[in-house]
Amino acid sequence: MQAPNNNKHKGLIVAGMHSSGGKTAVTCLLLSALRKRNFAVQPLKIGPDYIDPGFHFHFSAKASVNLDPWIMGREHVVQAAAQFTENAFGIAEGVMGLFDGSDPENDSGSTMEVARWLGWPILLVVPCRNAGRSITAAIQGFVSESGGSNHFAGIILNQVNSESHADYLRKACSVLDIPVLGALPEIPELDWPERHLGLQPGVEQKLADAKKLAEIAEKHFDLDLLVKNFPVLSASAIAKKNTNAILAKFSKRIAVAQDEAFHFYYAANLEWLRQQGAEIVSFSPLHDSQVPEKVDGLILGGGFPEVFAEEISANKSMLNSLKKTVESGMPTYAECGGLMILAEAIKINSGQSLAMAGVVPGMIEMTKRLQHFGYCKIGLPESGEVLGHEFHYSRWSAETKEANLWEVTRHSTGISRREGYCTANLHASYVHLYFPQAASLIREVLQLFPEKSARC
């Protein structure tokens, strides 16, 4: 294989042939190993995923940055990648299969689209359980569809059955113009449970130590060849201090719910708030007794509050504090899980109804099937078109009669519905937003400029 243009590439993309093929495991192994070698690495995640970035953080000790081509667009994706890899080497985990995206007829919204935008080569993770020479045909198909082997940094053979199986596959792949950079067997430390959003969040389980994964990567990957092909890694070994001055546009303290139940946040969203001059004050609806004092705004993000519904319901002091805080006029932005905790109750799958804060009318009912999934658009008179996404197995029982926030149009079907709940100071919705793309709306909701009145 021709070596990548190392002056150009500040990262690589870990892509798969399909979902559940081992992308997250390979990404975490690389992050752990390169971190142990004292290289400065920056994890990134393509698409709207919130769970994989949590694994990235655990094994890299660095917040993972989402690159969502559909919501962010090319300009924002390229800008974010450049910003967060200024002093580090980027390792971006792809979404689903390499060519899977928002359009079945082209690369729109796919990992391949981001790879083309950034010019970063692809490390292709190939599931090999019980596979033989036929995998070379599959790999050649991916190479052909992408436009040639120059788009690839290498191959990781995943889920090999044995050493002899790995040797066989390496020989089979020798006909390819792409190097095999590793062969990974089934490893207990990488056997992570799954949930309907993919993996079960790392905050809910005991993950292996990063040093353990680094040892596994050193054993099964050709890291020396990887580093050789990307000398920029060595150049980024010592992170440089960013001297770019940030001009604060406002100065406010924003309370953000962050714990095992509420942890679905784009790193770029929180960074955007900080760049504006905001101080992020973290608190836990699970473990704390009240909302932090002396704050100017409240953000309740997504997560899995239904998993911890009994504990949340039992924390009466926090629920009372949330209700009092919102009803006192505190500017509040609630997203998915945030909407759920502000409702009157959550009815879990067992049939039990558990009391919540009681700010939003109606009950949240958990269901066994997906209620709304995928990208969506919202047209706002003052803020322009806002892009977002939904993914939830619950429904708001009062939506048909109480929804007053906005009309949401699903991208894949064009079907619209009234969604969300709004008061003078509260914006509660199932839709997840990317703050830099929806900047004017977020400023308005959180009343970052006091002279401007709220929209509702």
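The values are calculated or read from the model by the stated rules, or taken from the named source; none is laboratory data. All of these numbers come straight from a predicted model, not from anything done at the bench. Reconstructed Cβ throughout: ideal geometry from the backbone, glycine too, with neighbour counts over all protein chains shown.
Only one of the numbered conditions (1) surrounded by fewer than 16 Cβ atoms within 10 Å (Cβ to Cβ); (2) touching a strand residue (DSSP E or B) at 6+ places or on another chain (Cβ under 7 Å); (3) touching a residue at least 12 places away in the same chain (Cβ under 8 Å) is violated by Gly384, and that is (2).
Within region 57-98, the residues that satisfy the criterion of being buried (at least 18 other Cβ atoms within 10 Å of the Cβ), hydrophobic (A, V, I, L, M, F, W, C) and under 27 Å from Glu385 (Cα atoms) are Val65, Leu67, Trp70, Ile71, Met72, Val77, Ala80, Ala81, Phe84, Val95, Met96.
Among Lys211, Lys240, which is surrounded by fewer than 14 Cβ atoms within 10 Å (Cβ to Cβ), at pLDDT 80 or above and among the charged types (D, E, K, R)? One residue alone meets the criteria, Lys211. The one condition from (1) in a strand (DSSP E or B); (2) in contact (Cβ under 8 Å) with a residue 60 or more places away in the chain that Ile155 does not meet is (2). Part of a loop (DSSP other than H, G, I, E, B), at pLDDT 95 or above and surrounded by 16 or more Cβ atoms within 10 Å (Cβ to Cβ), is that true of Val291? So Val291 passes the test. Which of the residues belonging to region 268-278 are out of contact with any helix residue (DSSP H, G or I) (no Cβ under 9 Å at 6 or more places or on another chain) and either outside any loop (DSSP other than H, G, I, E, B) or among the hydroxyl-bearing types (Ser, Thr, Tyr) (or both)? Selection gives Leu270, Arg274, Gln275. Here Arg369 passes the criteria (1) out of contact with any strand residue (DSSP E or B) (no Cβ under 7 Å at 6 or more places or on another chain); (2) within 27 Å of Leu270 (Cα to Cα) except the one numbered (2).
The set of residues from region 1-27 being part of a helix (DSSP H, G or I) and either closer than 20 Å to Asp68 by Cα or modelled with pLDDT under 95 (or both) comprises Lys23, Thr24, Ala25, Thr27. Sub-8 Å Cβ pairs linking a first residue in region 172-185 that is closer than 17 Å to Ala131 by Cα to a second residue that is among the hydroxyl-bearing types (Ser, Thr, Tyr), at least 6 apart or interchain, are Ala172/Thr136; Cys173/Thr136; Val175/Thr136; Leu176/Thr136; Leu176/Ser149; Pro185/Ser162, ordered by first then second residue. Looking at Gly362, Gly388 in this structure, which one is in the same structural domain as Val295 (by TED's automatic domain parsing) and at positive phi? Only one candidate passes the filter, namely Gly362. Residues that are over 26 Å from the mean Cα position of the chain (by Cα) and touching a residue at least 60 places away in the same chain (Cβ under 8 Å) are absent from region 426-437.
Restricting Phe308, Phe304 to residues that are touching a Gly at 6+ places or on another chain (Cβ under 8 Å), assigned by TED's automatic domain parsing to the domain that holds Ala278 and either within 25 Å of Leu405 (Cα to Cα) or surrounded by fewer than 24 Cβ atoms within 10 Å (Cβ to Cβ) (or both) narrows the list to Phe304.
Inspect all residues belonging to region 365-378 and state whether any of them is within 16 Å of Ala261 (Cα to Cα), within 25 Å of the chain's Cα centre (by Cα) and in a loop (DSSP other than H, G, I, E, B). Checked against the condition, which is being within 16 Å of Ala261 (Cα to Cα), within 25 Å of the chain's Cα centre (by Cα) and in a loop (DSSP other than H, G, I, E, B), region 365-378 yields no hits at all. Applying a threshold of 7 Å to beta carbon distances and a minimum spacing of six or more residues, or different chains, the list of pairs starting in region 20-36 at a residue that is β-branched (Val, Ile, Thr) and ending at one that is assigned to a helix (DSSP H, G or I) reads Thr24/Asp52; Thr24/Phe55; Thr27/His56.
Scan region 311-332 for residues that are surrounded by fewer than 24 Cβ atoms within 10 Å (Cβ to Cβ) and either farther than 15 Å from Met356 by Cα or basic (Lys, Arg) (or both) and the total you get is 7.
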